[in-house]
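Readers should treat all values here as calculations from the given coordinates under stated rules, not as data from a laboratory. Computed from a prediction, not measured in an experiment: that's the story for all the values here. Every residue, glycine as well, gets a Cβ built from its backbone with ideal geometry; the counts of neighbours run over all protein chains shown.
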There are 2 protein chains.
Amino acid sequence: MLNDAGADLAAMLPDGVLRPIEPRHLEEPRGRYVGQAGLLAAPRDTEEAAAVIRACAAARVGVVPLGGGTGLVAGQVMQSGPAPLLLSLERMTAIRDLWAQENVMVAESGATLQAVRDAAETAGRLFPLSIASQGTAQIGGVLAANAGGVNALRYGTARALCLGIEAVLPDGTVMHDLKRLRKDNTGYDLRDLLIGAEGTLGLITAASLRMVPPPAARGVALMVVEDPAAALRLLGLAGEAVGDAVSAFELISGQGLLFQQEMLPHLRQPFATPPDWMVLIEIGLPGGVDPDATLEALFIRGAEAGLVTDGVIAQSGLQAEAFWQMREEIPEANRRIGAISSHDIALPLSEIPRFIADAGQMIAAMGDMRINCFGHLGDGNLHYNVFPAPGRERADYDDLREKIQHDVHQMVVARGGSFSAEHGVGRLKTADLARWADPARLAAMRAIKAALDPAGIMNPGAVLA
Amino acid sequence: MLNDAGADLAAMLPDGVLRPIEPRHLEEPRGRYVGQAGLLAAPRDTEEAAAVIRACAAARVGVVPLGGGTGLVAGQVMQSGPAPLLLSLERMTAIRDLWAQENVMVAESGATLQAVRDAAETAGRLFPLSIASQGTAQIGGVLAANAGGVNALRYGTARALCLGIEAVLPDGTVMHDLKRLRKDNTGYDLRDLLIGAEGTLGLITAASLRMVPPPAARGVALMVVEDPAAALRLLGLAGEAVGDAVSAFELISGQGLLFQQEMLPHLRQPFATPPDWMVLIEIGLPGGVDPDATLEALFIRGAEAGLVTDGVIAQSGLQAEAFWQMREEIPEANRRIGAISSHDIALPLSEIPRFIADAGQMIAAMGDMRINCFGHLGDGNLHYNVFPAPGRERADYDDLREKIQHDVHQMVVARGGSFSAEHGVGRLKTADLARWADPARLAAMRAIKAALDPAGIMNPGAVLA
């Protein structure tokens, strides 16, 4: 299957670095793209990874970095163009070191997010980034995509949890910057530039990660709210009550639970008839405070203010997990229903209620569809997904898909929002980036890409098409 | 005083933008540099700022951005070379907007840090960055330098508190990226690149800033510890007790208090005979927890573990302020004594005790000197300052200064530390950056500078000399 360039390149690689390509290397979760690749290299250490990239630079062959392959914007697959080399981190999985007293560990990029979380837990610490795919997603990909998840409200996205990186730059040199420092003002922030660059400016091979002391006590509740505006006011009350101890504040719509009843009937649901809107709240408090009493006080304040009409405070860890499972199975039920169009958007918090109302009207005017709007309300990050009417098929709406995407993103951008809050740009949203990004910012991005990767070998076609 | 280039440039600038240069525009706090400037421009808005930079780009005249002028590494003054234009933000001081519910405000770069903090407080919020010079330092400079201060332990440095920026890029285009979003993964992180770039990649004209709900209750204590190792173990105990609610954890040495007794005798000191080592601890807790009881429990645990030998818990806001004043007057007493060499360093936490011991021995071997080592222990950020022996002068050590600087920085870098934790590089540490930075990282920095500012007009001579 190798063309001449591929054969030449293979001869230049370190011994034993090539592996057979398996289907899993070429798939992505939504099944919309099938990748292609000339070669699959799986280096065993940073020096081998650098040698691979140097060889690709010399041969002018593109490099597509591959982590766990859970990304949702096709950053990890190659759709067209000359066959690239897939560079898999699957052999670089070590937790190199961990300093519990410092709340720092150094992990290689191929370690799964779950392995990182487990290492922290073993040391009595918490690595607070949590996403549904954490058993498969690798920390290198989590950083390359600047993943967010359910605890970003409290602890920030991946960027906020990384103190330093080791990376192979597009010319094959290794940037050694695995600092264990909270403060380091020695020049430009290359770390934050590579984080979120989705492999287009270099390959992150290891990272120095920030852990936190786990909160002494945790409380989880589901509260039924009148509407998204009431949910936001409840978030404000929670902030007044416990400050930055609100660990998660998730919006759940009744539509999401109806989808679950239809597609995942084995899931136990907290309400026989799903209410229109709920929030899932988690707080994590220092010792000496009772989280359940705190949540009960919040419920009472919310009810008195006319924001909350019903609620359940988890009475056990098991019940808390059941609430979270319900939240985390929303995307699976969505997948089985089959979305016409999915949007990972962020908005300024105060724009959210009006956006949800206006976007709903806009979609309704286009045709008979169902909307499941849910997500990380505390971050202003909504997953706004549009589905066929009951009894109709995704394909029935093929001619509408592009218009829905465009009009939703336009409405989001006009309100100061983002068309990609946490999933990134990948290959799926390069046209959106070109259309919606500030022109000066886009020009600076292109200049930086050209300066660091003049041959354009790193993840070609991603982010900047 | 204008040369021809200056006269030509003046003719290209917007009407009314030039102001007379005053001595305050050319000074810096340590009095070591006297600046020079051809022109001083003080634009009234972002468009005027962009017009000034476009004119400078056309005339190939350097631009030195000027905020409050409180920086400690001469980033704001020009030592040599062709006379640049000083671009002062003194007329762009507005708090443009504030959304209390969102915990966001947008401030222009010329607003002082104090004005930003006051605006937050008026809205019932906290802007948690705090530095001694906040009455003069401007938020644009705070961001350009990625300032840290005493609460970075809990809330991060300036970078962590900024959601978006508006900036004039070196070609005079305006990057509009004043997002009020917690999550936005749409391409490269230009915001974090400009933050900390000290004006060399563009001029930040306004910023979208993150506020937090103020902790419901605050507790402040001074605890006497055996040594820095004991201080670190106490920090660990504090983390176990209250998690991320430790707002500040400052190391204070007896030497610092002796300097205060000598130079600032009016200051009330908490101990008649200064102990060798103390920590100043501040915690900020949610409602329902008594901070004094929490600090007392920490004191008891610390005493039982043999870490803490004495302590005072502030019994009033006034006493808490007195403790903080003592901490914040340490640099003033230092200034009056007159340091031979000052170092703003960071180290991995677990390296700190050995570093303090080893560096002390190294300095002692060089001659008779006094050391005042203090600072943000929770961040691993120490101000490590070396002073003449009693009765001797700073000038007596002129031949040692360079060796002390070099050897301290070498020892810091060898232990994975930073030679500039929070003050930045400016013009004072360009040689350090060239010597100590990772070569691949330095090369990438130079490539980015050349790509975004090919004519080299933005803050020439700073960061990358």
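Using a cutoff of 8 angstrom between alpha carbon atoms and counting only pairs six or more residues apart, the relative contact order for chain B works out to 15 percent. Given their separation in residues at 0.36 nm each and the Cα-Cα distance between them, A:MET12 and A:ARG392 gain 131.5 nm when the chain is fully extended. For the peptides A:10-20, B:123-133, the ranking by mean Cβ contacts within 10 Å, running from highest to lowest, is B:123-133, A:10-20. Relative to one another, the C-alpha centroids of region B:95-151 and region B:396-437 are positioned 30 Å apart.
Summarise the partner chain shielding of B:433-442 as one whole number: the mean count of Cβ atoms from other chains within 10 Å of each residue's Cβ.
Counting Cβ atoms of other protein chains within 10 Å of each residue's Cβ and averaging gives 5.
The same position A:LYS403 in the other copies lies at 8.1 nm from this copy, comparing label points 7 Å beyond Cα toward the beta-carbon, shortest first. 3J(HN,Hα) couplings calculated from phi for region B:60-65 with the Karplus curve 6.51 cos²θ - 1.76 cosθ + 1.60 (θ = phi - 60°) are, in sequence order, 6, 10, x, 10, 10, x Hz; Gly and Pro show x. Straight-line cross-link reach from A:LYS179 at under 20 Å between alpha-carbon atoms covers these lysines, not counting any fewer than eight positions away in the same chain: B:LYS429.
Looking only at other chains, what is the average number of their beta-carbon atoms within 10 angstrom of each beta-carbon in B:349-361?
Mean partner-chain Cβ count within 10 Å for B:349-361: 1.
The fraction of all Cα pairs in chain B landing in successive 10 Å bins from 0 to the largest distance is 4, 20, 29, 26, 16, 5, 1, 0, given as whole percents. If you take the beta carbon distance between A:ALA434 and A:THR273 as r and set R0 to 56 Å, what does 1/(1 + (r/R0)^6) give as a FRET efficiency, to the nearest 0.05? According to the calculation, E is roughly 0.80. For A:LEU66, enumerate residues with amide H under 5 Å from its amide H, sequence gap 5+ or separate chain, H modeled in the peptide plane. Result for A:LEU66 returns A:LEU87, A:SER88, A:LEU89. For A:ALA137, the residues whose amide H sits under 5 Å from its own are A:LEU113, ignoring neighbours fewer than 5 places away on the same chain, with H placed 1.01 Å from N. Across identical copies of the chain, A:ARG446 has label-point separations of 2.7 nm, listed in ascending order, with the point defined 7 angstrom from Cα along Cα→Cβ.
Can you tell me the FRET efficiency between A:HIS266 and B:GLN319 if r is taken as the Cβ-Cβ distance and R0 is 51 Å, rounded to the nearest 0.05?
0.25
By other beta-carbon atoms within 10 Å, ranking A:GLU321, A:GLU329 with the fewest at the front produces A:GLU321, A:GLU329.
Select from A:LEU98, A:ALA10, A:PRO274 the residue farthest towards the positive end of the dipole of chain A; place +1 on Cβ of Lys and Arg, -1 on Cβ of Asp and Glu, and compute about the Cα centre. So the residue furthest toward the plus end is A:ALA10. 7 Å from Cα along Cα→Cβ at both A:ALA455 and B:ASP227: what's the point-to-point distance in nm? It is 5.3 nm. With the convex hull of its Cα atoms as the shape, region B:272-377 has an orientation-averaged projected area of 9.1 nm². When both region A:48-69 and region B:246-288 are represented by their alpha-carbon centers, they are found 53 Å apart. Antiparallel beta bridges, as assigned by DSSP with both residues in chain B, represent about 90 percent of the total such bridges. Placing a label point 7 Å from Cα along the Cα-to-Cβ axis, A:MET366 is separated from the same position in the other copies by 6.7 nm, shortest listed first.
Once every DSSP H run of n ≥ 4 in chain A is given -39500 (n - 2.57) and the sum is divided by its residues, what mean residue ellipticity at 222 nm do you get, rounded to the nearest 500 deg cm²/dmol?
The helix-only estimate for chain A comes to -10000 deg cm²/dmol at 222 nm.
Put simply, the amide H of A:TRP277, placed in the peptide plane, has neighbours under 5 Å in A:VAL225, A:GLY254, leaving out anything fewer than 5 places away on its chain. Peptide A:236-246 is shielded by partner chain Cβ atoms: per residue, an average of 6 of them sit within 10 Å of its Cβ. A convex hull fitted to the Cα coordinates of the protein assembly as shown yields 170 cubic angstrom per residue. Sequence-distant contacts, meaning Cα pairs under 8 Å at least 6 residues apart, place the relative contact order of region B:237-360 at 30 percent. Shape descriptor for region B:338-422: Rg over Rh equals 0.96 (Cα atoms; Rh from the Kirkwood inverse mean 1/r).
Could you give the size of the charge dipole of the protein assembly as shown about its Cα centre, using +1 on the Cβ of each K and R and -1 on the Cβ of each D and E, expressed in debye and rounded to the nearest 20? Result for the protein assembly as shown is approximately 1120 debye, rounded to the nearest 20.
Peptides B:442-454, A:188-200, B:301-313 ranked from most to least packed give A:188-200, B:442-454, B:301-313, packing being the mean of other C-beta atoms within 10 angstrom over each peptide's residues.
Computed 3J(HN,Hα) for region A:163-179, one whole-Hz value per residue from the Karplus formula 6.51 cos²θ - 1.76 cosθ + 1.60 where θ = phi - 60°, is 9, x, 9, 10, 8, 8, 7, x, 8, x, 7, 9, 8, 9, 9, 7, 6, glycine and proline marked x. Couplings 3J(HN,Hα) of region A:419-434, computed from phi: 7, 8, 6, 9, 8, x, 9, x, 9, 6, 10, 4, 5, 4, 4, 4 Hz, in residue order, whole Hz [Karplus 6.51 cos²θ - 1.76 cosθ + 1.60, θ = phi - 60°; x for Gly and Pro].
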